[in-house]
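Following: one structure in structure tokens, then a few remarks.
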Amino acid sequence: MIQKNLERIEERLEAACIRAGRRREDLRLMAVSKTQPVEKIQEAYDAGLRLFGENRVFEAAEKFGGRFPEAELHLIGHIQRNKAQKAVEIAECIQSVDALRTVNALDRYAAEIDRKVAVLIEVNTGGEVAKQGVRGEGELRSLIDTILESRYLELRGLMTMAPFTDEVAVLRRCFHSLHTLRQKFSESYGNSHFEVLSMGMTNDFEIAVEEGSSLVRIGTALFGTR
Ligand SMILES: *Cc1c(COP(=O)(O)O)cnc(C)c1O
């Protein structure tokens, strides 16, 4: 089941890359395994997937602890301060950083265990009030400055979640705006801090690829409905 779904996703990624004049190697596919049991993750792992995304820290720790030796685990959900310690223990990358207090908590716990952790800043590109993510450019810059001061957090790029809609123009505008921000920040802070552009989910990943995504986060199309 997962193997078949993966093949279909690969075909669609391939086609989107061709349309955009991009290379498939420049794009990573993340299996979003939130709410999926260990057996399903094992199936995805056996199908060759190595990059996994979870949105709950303790659920992730339980499912991934001691298993899947080659898996790279990213956290993609909101990080509450009281989960920050566990988050830096288990994740290779935290994609959903959107507040100074989170940065400070992650930095402190990473320092305690002397572990470097990659982070992405989550940007609210859709302007939805209920959604997570940093909104203004000023707030973004102060977050970037704080992360760059940390010896333990390594800024790698930006992440966004577009609104849930079928309006292609809306989705394209969100992804395009994240790409534009990346260009701008790369110029002022250096490319190496902005290599990752994490955007695109089941509903919209082809558009995200066309707009320059470097990492798509796929749950439903891979595992089925949650
Ligand atoms: C759940 C989730 C995904 C995957 O969503 P699907 O629509 O199931 O592909 C991607 N990114 C984030 C941040 C998520 O929470």
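The values are calculated or read from the model by the stated rules, or taken from the named source; none is laboratory data. Remember, predicted model here, so these are calculated numbers, not experimental data. FYI the Cβ positions are ideal-geometry reconstructions off the backbone, even for glycines, and counts take in every protein chain you see. Heads up: the accessible areas ignore ligands, DNA and RNA and are worked out on the full protein's heavy atoms, side chains in. Shrake-Rupley method; radii C 1.70, N 1.55, O 1.52, S 1.80 Å.
If you check Glu89, Glu154, Glu70, Glu62, which single one turns out to be assigned to a strand (DSSP E or B), at pLDDT 95 or above and more than 14 Å from the ligand (Cβ to nearest atom)?
Testing whether each residue is assigned to a strand (DSSP E or B), at pLDDT 95 or above and more than 14 Å from the ligand (Cβ to nearest atom) leaves just Glu154.
Out of curiosity, is Thr146 within 16 Å of the ligand (Cβ to nearest atom) and hydroxyl-bearing (Ser, Thr, Tyr)?
no
Can you tell me which residue is nearest to Ser186 (Cα to Cα) among those in region 103-117 that are without any contact (Cβ under 8 Å) to a residue 40 or more places away in the chain and open to solvent by less than 10 Å² (accessible area, probe 1.4 Å)?
The residue in question is Val117.
Could you tell me whether any residue of region 94-111 is in a helix (DSSP H, G or I), under 18 Å from Thr160 (Cα atoms) and polar (S, T, N, Q)?
Scanning region 94-111, I find at least one residue that is in a helix (DSSP H, G or I), under 18 Å from Thr160 (Cα atoms) and polar (S, T, N, Q), so the answer is yes.
Identify, please: which residue in region 28-48 is touching a residue at least 60 places away in the same chain (Cβ under 8 Å) and hydrophobic (A, V, I, L, M, F, W, C) and is, among those, farthest from the ligand (Cβ to nearest atom)?
The selected residue is Ala44.
Given the residues Ala221, Ala162, which is the only one that is within 30 Å of Tyr45 (Cβ to Cβ), within 16 Å of the ligand (Cβ to nearest atom), touching a residue at least 24 places away in the same chain (Cβ under 8 Å) and assigned to a helix (DSSP H, G or I)?
Exactly one residue qualifies, and that residue is Ala221.
Which condition from (1) among the basic types (Lys, Arg); (2) within 13 Å of the ligand (Cβ to nearest atom); (3) closer than 30 Å to Thr102 by Cα is the one that Arg12 breaks?
(3)
Considering only region 185-218, state which residues are more than 10 Å from the ligand (Cβ to nearest atom), within 18 Å of Arg173 (Cα to Cα) and open to solvent by 10 Å² or more (accessible area, probe 1.4 Å).
Glu206, Ile207, Glu210, Glu211, Gly212, Ser214 - these are the residues of region 185-218 that are more than 10 Å from the ligand (Cβ to nearest atom), within 18 Å of Arg173 (Cα to Cα) and open to solvent by 10 Å² or more (accessible area, probe 1.4 Å).
Would you tally the residues in region 1-27 being without any contact (Cβ under 8 Å) to a residue 60 or more places away in the chain and among the charged types (D, E, K, R)?
8
Considering only residues of region 1-38 that are outside any strand (DSSP E or B) and within 16 Å of Glu70 (Cα to Cα), which is most open to solvent (accessible area, probe 1.4 Å)?
For region 1-38, the residue satisfying everything is Val38.
Looking at region 173-182, can you tell me whether even one residue there is open to solvent by less than 20 Å² (accessible area, probe 1.4 Å), away from the ligand (no atom under 16 Å from the Cβ) and not small (Gly, Ala, Ser)?
no
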